[in-house]
Amino acid sequence: MSRISNDTEFRKALDALDATRQRQVAARFVEHVLGLCSDERITHVAAVAGNSDASEAALAEALKTARAATFDCHTRCGSEGDWSEQAGYFVARAATAALTPIAQMPSGPAWQAALSCRMAQTSKSIVTGDDTAGQEGEQQYRILSEFLDS
């Protein structure tokens with residue numbers, strides 16, 4: 001089993017993945033934080049992103065949906081800065097990153113999805129007072145290690 005234990009190893013492993021595998025592992029990162037997003041469209045988007053047999057048309061439609069959900073979630077955050085809604089916004093951003101073509105995302109879609117998922121957990125931590133933000137990176141190391149071993 002590959003054991004990833006820090007962001008340097010994590011990024012190196014992500015960078016070694018082709019576009020399809022980056023999308024699939026990014027979808028797993030999103031699935032891990034789906035509970036932080038109340039927008040049901042993101043559940044469908046994550047499923048499409050994680051599907052190795054998804055057609056180009058299905059991926060394009062899912063990206064369009066993810067972008068719309070990101071906009072809607074951002075709007076719901078409002079001027080008061082509702083951190084629960086902000087967490088949902090970051091989950092939607094992660095889903096968008098997962099589906100964005102690798103050529104449009106120089107740092108890689110999986111890395112961007114991972115960062116957005118971490119921000120979602122940070123937003124949740126602000127609401128609950130629990131220190132769960134740092135744990136998301138550890139969970140992502142585990143998710144990527146399991147993905148690479150499968």
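Across segment 17-44, what is the number of residues that are under 14 Å from the mean Cα position of the chain (by Cα), farther than 13 Å from Gly88 by Cβ and β-branched (Val, Ile, Thr)? Of the residues in that region, 1 qualify. For segment 120-143, the tally of residues that are polar (S, T, N, Q) and under 14 Å from Ala87 (Cα atoms) stands at 6.
Per-residue answers, yes or no, for (1) at positive phi; (2) in contact with a Cys (Cβ under 9 Å, 6 or more places away or on another chain); (3) free of Cβ contacts under 8 Å to residues at least 12 places away in the same chain:
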site	(1), (2), (3)
Ser52	no, no, no
Leu63	no, no, no
Ala69	no, yes, no
Ala87	no, yes, no
Thr100	no, no, no
Gln112	no, no, no
Ser116	no, no, no
Ile126	no, no, no
Gly134	no, no, yes
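Restricting segment 46-97 to residues that are acidic (Asp, Glu) and either touching a Leu at 6+ places or on another chain (Cβ under 9 Å) or in a helix (DSSP H, G or I) (or both) leaves a set whose member that is modelled with the lowest pLDDT is Asp72. For segment 22-40, the tally of residues that are touching a residue at least 60 places away in the same chain (Cβ under 8 Å) and either assigned to a helix (DSSP H, G or I) or on the phi > 0 side of the Ramachandran plot (or both) stands at 12. Scanning segment 96-146 for residues being more than 20 Å from Phe10 (Cβ to Cβ) and crowded, with 19+ Cβ neighbours inside 10 Å gives a total of 4. Return yes or no: is Thr43 modelled with pLDDT under 95 and either in a helix (DSSP H, G or I) or out of contact with any helix residue (DSSP H, G or I) (no Cβ under 6 Å at 6 or more places or on another chain) (or both)? Spelling it out, it is not the case that Thr43 is modelled with pLDDT under 95 and either in a helix (DSSP H, G or I) or out of contact with any helix residue (DSSP H, G or I) (no Cβ under 6 Å at 6 or more places or on another chain) (or both). Looking across segment 90-119, the residues that are over 14 Å from Glu136 (Cβ atoms) and either β-branched (Val, Ile, Thr) or touching a strand residue (DSSP E or B) at 6+ places or on another chain (Cβ under 7 Å) (or both) come down to Thr96, Thr100, Ile102. Just so you know, in segment 1-21 the residues that are in a loop (DSSP other than H, G, I, E, B) and exposed (fewer than 12 other Cβ atoms within 10 Å of the Cβ) include one that is modelled with the lowest pLDDT, and it is Met1.
Across segment 109-132, the qualifying residues are those that are in a helix (DSSP H, G or I) and of a type in the set (S, T, N, Q), and the one among them that is farthest from Phe90 (Cα to Cα) is Thr128.
The values are calculated or read from the model by the stated rules, or taken from the named source; none is laboratory data. Model, not experiment: these values are computed from the prediction. In this analysis, Cβ positions are derived from the backbone assuming ideal geometry, glycine residues included, and neighbour counts consider all displayed protein chains.
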